[in-house]
Structures are given as structure tokens and as C-alpha cells.
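**Student:** Would you mind keeping the following structure in view while I ask a few things?
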Amino acid sequence: MAQHRRAASPADSPAVAQKPSEKEDFKLSLITWNVDGLDLEKRPERSTGLVKYLNLYNPDVVFLQELVPPYVQFLKEQLVNYLMIEGGRKGYFTGMLLKKSRVKLVESEIVAYPTTKMMRNLLVTQVIVSGQKLCLMTSHFESCKENTAERLNQLHVVKRRFKHAADDVTVVFGGDTNLRDAEVTKVGLPATVCDVWERLGKQEHCRYTWDTTANNNKTFPFVARCRFDRIYLRPAIRRGVPRLAPDHMALVGLEKLDCGRYTSDHWGIYCTFSAE
């Protein structure tokens with residue numbers, strides 16, 4: 001079994017380290033992570049590593065990209081306190097884990113990207129957390145620099161979902177977007193939507209989620225440091241409904257497992273939100 005080199009105690013968990021304000025009773029914690037399930041090298045050890053991280057951080061919601069059926073089966077067996085929602089069945093696809101004790105699923109849907117060449121789609125769930133309505137969305141946008149046009153199409157689909165969501169619903173999108181900043185500028189996000197990393201001050205230690213200078217799971221003839229994995233938030237805007245705001249972000253998966261590899265070639269993002 002894979003082990004972290006440094007034993008993780010409960011005190012290390014950000015959920016324990018952060019002291020919630022007594023005024024705040026609506027909170028949400030989330031991890032989004034491209035787990036690179038297509039990579040067969042040390043996949044059992046890496047999937048065990050993912051489970052250890054999820055047990056440590058204990059998030060309410062998990063967005064996962066590049067899942068494959070054996071990986072999904074393992075997660076279902078290991079994480080019985082979560083409900084798994086799958087964005088596909090064949091090849092590779094996205095998924096969501098919803099903590100059964102906190103997140104009530106209302107409905108889920110898979111939104112097709114008509115012109116994708118890489119089996120990509122948008123997984124959407126409507127849920128209730130502490131009596132509040134949330135729309136949760138995850139996706140793995142088209143990869144590679146030459147597929148900018150398709151990525152823009154996919155971002156437009158997400159943008160429309162943000163714009164048309166009911167005003168009493170908090171909308172959270174997260175995933176491996178493969179986006180470049182100029183592409184986001186070209187499409188433009190609604191004024192009510194924030195990029196969580198930007199909202200929290202563009203902290204340098206959280207900037208690069210795909211970083212070949214620090215992660216050697218994959219070998220490339222080039223150096224790349226990219227902010228491919230992103231989280232976007234549109235708080236509920238109806239008067240009287242709690243407005244959710246991000247209060248913490250950290251990268252996860254930064255430690256090598258005993259098998260000598262990282263959990264994924266991407267770092268995961270851990271994020272917490274509280275009512276303003």
C-alpha cells in the first residue's frame with residue numbers, strides 16, 4: 001500500500017487548523033483534481049494515495065477528472081461515506097463525490113459538448129447543503145494548445161449555465177479547464193462570477209496546478225507551469241440567501257508516495273467557502 005513519507009495526523013487537516021467564525025453556519029469544502037487515471041504506472045498505489053488525501057481533508061464535495069472504470073470502482077469501495085456521480089461509463093470521464101452526511105443530491109445531468117473530439121462533457125448536479133441550493137459543475141475541457149476554439153466553445157457552455165442559474169442558487173464550477181488566461185478574457189465571465197484563485201489574492205503557491213518543474217510523473221521535452229485547474233464561483237444573489245465566498249485555497253498531492261510517484265501529474269486544489 002502507498003504511504004505518504006510524512007505521517008499525516010488529524011491536526012494537519014486544514015479543516016482542523018482553521019477556526020470557523022461563530023457567525024458563520026454555512027460552509028462548504030471542496031477538492032478538484034485531475035487524477036490521471038489513464039496512466040497505468042503505479043495506478044493502484046496512486047489511487048490509494050488519493051483516498052488517503054480525501055480522508056485527511058474530508059471535503060464535502062470532490063470534483064474528479066480523468067477517471068476510468070477500475071478507478072471508480074475502487075473509490076466506491078473505499079469511500080462509502082460519499083455518493084459517486086459519474087460523468088461517463090467508457091474510456092475516461094469526470095465524476096463527483098458528494099458527502100452523504102452533508103450534501104443531498106436533487107438531480108444530476110450530463111451536458112454534451114457537441115463538437116468535442118476528446119469525449120469531453122459537463123457534469124452538473126443540483127444539491128442541497130445546510131438547506132441551501134447549490135449547482136455543482138465539473139468538466140475536463142479540450143486539451144492542447146491547438147484546441148483553443150473547442151475550449152472556448154466549452155467555456156461558453158459553462159458561462160451560459162452561470163448566467164441562467166436561479167438567483168437563489170450558489171453555483172460552483174471546478175475542473176481541469178486547460179484554459180489560458182487570454183482565452184478566458186476572450187469569452188468573458190459574467191460579472192457575478194469570480195475566479196476563486198484571483199479572489200483570494202492570486203497566491204503564488206497556488207498558481208501552478210500542472211507544473212513539470214515540480215512533478216515528474218510525466219516526462220516532457222519542455223518545461224511547463226500552467227494554471228489549468230480552476231474553480232469559479234457565482235454566489236446566490238437573492239436577498240436573504242447566504243452569499244458564499246472563498247476563504248482558503250491550497251494545493252494538495254504535493255508529496256511523493258512511497259511508490260516514488262505523485263498521486264497525479266496534476267496537483268489537486270482544496271478550497272473552503274463560508275457565508276459572507
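The values are calculated or read from the model by the stated rules, or taken from the named source; none is laboratory data. Quick caveat: nothing in here was measured; it's all calculated off a predicted structure. Surface accessibility is based on the protein's heavy atoms, side chains included, excluding ligands, DNA and RNA. Shrake-Rupley method; radii C 1.70, N 1.55, O 1.52, S 1.80 Å.
**Student:** Given that compact globular proteins tend to follow 2.2 N^0.38 Å, what is the ratio of the alpha-carbon Rg of region 207-261 to that value?
**Tutor:** Ratio of Cα Rg to 2.2 N^0.38 Å: 1.71.
**Student:** When the scattering of region 74-174 is computed by the Debye formula from its Cα atoms alone, each counted once and equally, what is log10 I(q)/I(0) at q = 0.18 Å⁻¹?
**Tutor:** Normalising to I(0) and taking log10 leaves -0.90.
**Student:** Once the whole set of protein chains is in place, how much accessible area is left on Ile237, using a 1.4 Å probe, in Å² to the nearest 10?
**Tutor:** Only protein atoms counted, so the area is about 90 Å².
**Student:** Could you put Arg239, Arg102 in order of accessible surface area, largest first, with the 1.4 Å probe and the full protein assembly present?
**Tutor:** Largest to smallest exposure gives the sequence Arg239, Arg102.
**Student:** Excluding ligands and nucleic acids, what accessible area in Å² is computed for Arg180 using a 1.4 Å probe, to the nearest 10?
**Tutor:** Its heavy atoms expose roughly 80 Å² to the probe.
**Student:** Averaging sequence separations of C-alpha pairs under 8 Å and six or more residues apart, then dividing by the length of the chain, give the relative contact order as a whole percent. Kindly include the intermediate steps, with their values, before the conclusion.
**Tutor:** Working: 575 pairs, mean separation 59.6, N = 276.
Relative contact order for the chain comes out at 22 percent.
**Student:** Mind checking the log10 I(q)/I(0) for region 128-276 at q = 0.09, 0.13, 0.14, 0.21 Å⁻¹? Debye, one equal scatterer per Cα, no solvent, two decimals.
**Tutor:** For region 128-276 at q = 0.09, 0.13, 0.14, 0.21 Å⁻¹, log10 I(q)/I(0) is -0.31, -0.64, -0.73, -1.38.
**Student:** Over all pairs of distinct alpha carbons, what does the Kirkwood formula give as the hydrodynamic radius of the chain, in Å?
**Tutor:** 18.9 Å
**Student:** Per residue of region 217-228, in order, report the coupling 6.51 cos²θ - 1.76 cosθ + 1.60 (Karplus, θ = phi - 60°) as ³J(HN,Hα) in whole Hz, putting x for Gly and Pro.
**Tutor:** 4, 10, 10, 10, x, 9, 9, 9, 10, 9, 9, 6
**Student:** Report the residue, chosen from Glu66, Glu109, Glu142, that carries the largest GNM mean-square fluctuation when the chain is represented by alpha-carbon nodes joined by springs under 10 Å.
**Tutor:** Glu109
**Student:** Please list the three semi-axes, largest first and in whole Å, of the ellipsoid equivalent to region 123-174, using sqrt of 5 times the eigenvalues of its alpha carbon gyration tensor.
**Tutor:** Working: eigenvalues 139, 25, 6 Å².
Working through the eigenvalues yields semi-axes of 26, 11, 6 Å.
**Student:** So if I take the alpha carbon set of region 30-136, get Rg, then get Rh from the Kirkwood formula, what is the Rg over Rh ratio?
**Tutor:** Dividing the radius of gyration by the Kirkwood radius yields 0.96.
**Student:** Here's another thing I want to ask about it. How much accessible area per residue does region 171-218 have, counting only protein heavy atoms and a probe of 1.4 Å, in square angstrom?
**Tutor:** Each residue of region 171-218 exposes 45 Å² on average to a 1.4 Å probe.
**Student:** For the chain, set up a Gaussian network in which alpha carbons nearer than 10 Å are linked by springs, and say which option among Thr148, Thr185, Thr138 fluctuates the most.
**Tutor:** Between Thr148, Thr185, Thr138, it is Thr185 that shows the largest mean-square fluctuation.
**Student:** Across region 36-42, in residue order, what do the Karplus-derived ³J(HN,Hα) couplings come to in whole Hz, using 6.51 cos²θ - 1.76 cosθ + 1.60 with θ = phi - 60° and x for Gly and Pro?
**Tutor:** Along region 36-42, the couplings run 6, x, 6, 7, 7, 5, 6 Hz.
**Student:** For Arg46, Arg199, Arg161, write out the residues from largest to smallest accessible area, computed with a 1.4 angstrom probe and no ligands counted.
**Tutor:** Final ranking, largest accessible area leading: Arg199, Arg161, Arg46.
**Student:** Something else: Given only helices, namely DSSP H runs of n ≥ 4 each adding -39500 (n - 2.57), what is the per-residue ellipticity at 222 nm of the chain, to the nearest 500 deg cm²/dmol?
**Tutor:** The helix contribution divided over the chain gives -6000 deg cm²/dmol.
**Student:** In whole angstrom, and with the biggest value first, how far do the Cα coordinates of region 155-228 range along each principal axis?
**Tutor:** The Cα atoms of region 155-228 stretch 46, 23, 20 Å along the principal axes, largest first.
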